[in-house]
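First comes the structure, then the notes that go with it.
The values are calculated or read from the model by the stated rules, or taken from the named source; none is laboratory data. Quick caveat: nothing in here was measured; it's all calculated off a predicted structure. Cβ atoms come from the backbone with ideal geometry, glycine included; neighbour counts cover every protein chain shown. Remember, those area values only see protein heavy atoms, side chains included, never the ligands or the DNA or RNA. Shrake-Rupley method; radii C 1.70, N 1.55, O 1.52, S 1.80 Å.
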Amino acid sequence: MAEGLRERKKRRTRQQISDVATGLFVARGFDAVTVAEIARAADVSVNTVYNYFPAKEDLFFDRSTGVIDRLARWVRGRDPGESAAAAVLRELRAEVEAVSPRLGLMDGYADFMRVVEDSPALRSRLWAIAQEVHTRLEEALRAETGAEEGDVLPELMAGQINWLHEAVMSAISRKMVAGGAPAQVSREVLVLIDEMEELLSERVLNYAVRPGN
């Protein structure tokens, strides 16, 4: 019981620090806010902030782990008879149709992305996250297909499939920053997904099909 309470307290402290930091970043910009200011506003020490968030960028992208593993997780969870690309398309459609905050379809996302656009450090971190998404996806494709070492096909396919995700995220960001409402952006991006699927070759659409039962 004591251990459970400690873990709960740690999660709450981490969330508190993250929420305070996000509020400051949105109000004043990422580069204008120091970790010391965040610590004071959250009523914790600077060391406590760094215990939870090793770098200042981690305070802003505090939920990046779920994004990094997203495509690899979708591919590993694909249905029997379903290809890797088909699984990603299905999951993207479901998230967009549900107007999911996980893809940025929510009020306040435009403010979040404006902070990124104004900060070279955050743009660099966002690029690094995108690279990690690609790497995790490639690793999943290699494992799922049993590709031999040196086979470039999983890397090439990861690039094609990752393009779907990047294009959707970019479109959502652009439309939300332009003042779009989440429901309207959702409808527009669903059309975009259909158009992107038509651009994929049959080889991509039929790659890494999970064997049926």
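It is to be established whether one or more residues within segment 79-100 are over 17 Å from the mean Cα position of the chain (by Cα), of a type in the set (Ser, Thr, Tyr) and modelled with pLDDT of 95 or more. Within segment 79-100, one or more residues are over 17 Å from the mean Cα position of the chain (by Cα), of a type in the set (Ser, Thr, Tyr) and modelled with pLDDT of 95 or more. For segment 32-48, the candidate set comprises residues that are in a loop (DSSP other than H, G, I, E, B) and open to solvent by 60 Å² or more (accessible area, probe 1.4 Å); within that set, the residue that is modelled with the highest pLDDT is 34. Set side by side, the residues 191, 177, 168, 185 differ, and just one is without any contact (Cβ under 8 Å) to a residue 24 or more places away in the chain and β-branched (Val, Ile, Thr), which is 191. The residue pairs whose first member lies in segment 45-63 and is farther than 17 Å from residue 132 by Cα, whose second member is open to solvent by 60 Å² or more (accessible area, probe 1.4 Å), and whose beta carbons are closer than 6 Å, counting only pairs six or more residues apart or on different chains, are 52/14. You will find that of 29, 66, 81, 77, the residue that is exposed (fewer than 15 other Cβ atoms within 10 Å of the Cβ) and free of Cβ contacts under 8 Å to residues at least 24 places away in the same chain is 77 and no other.
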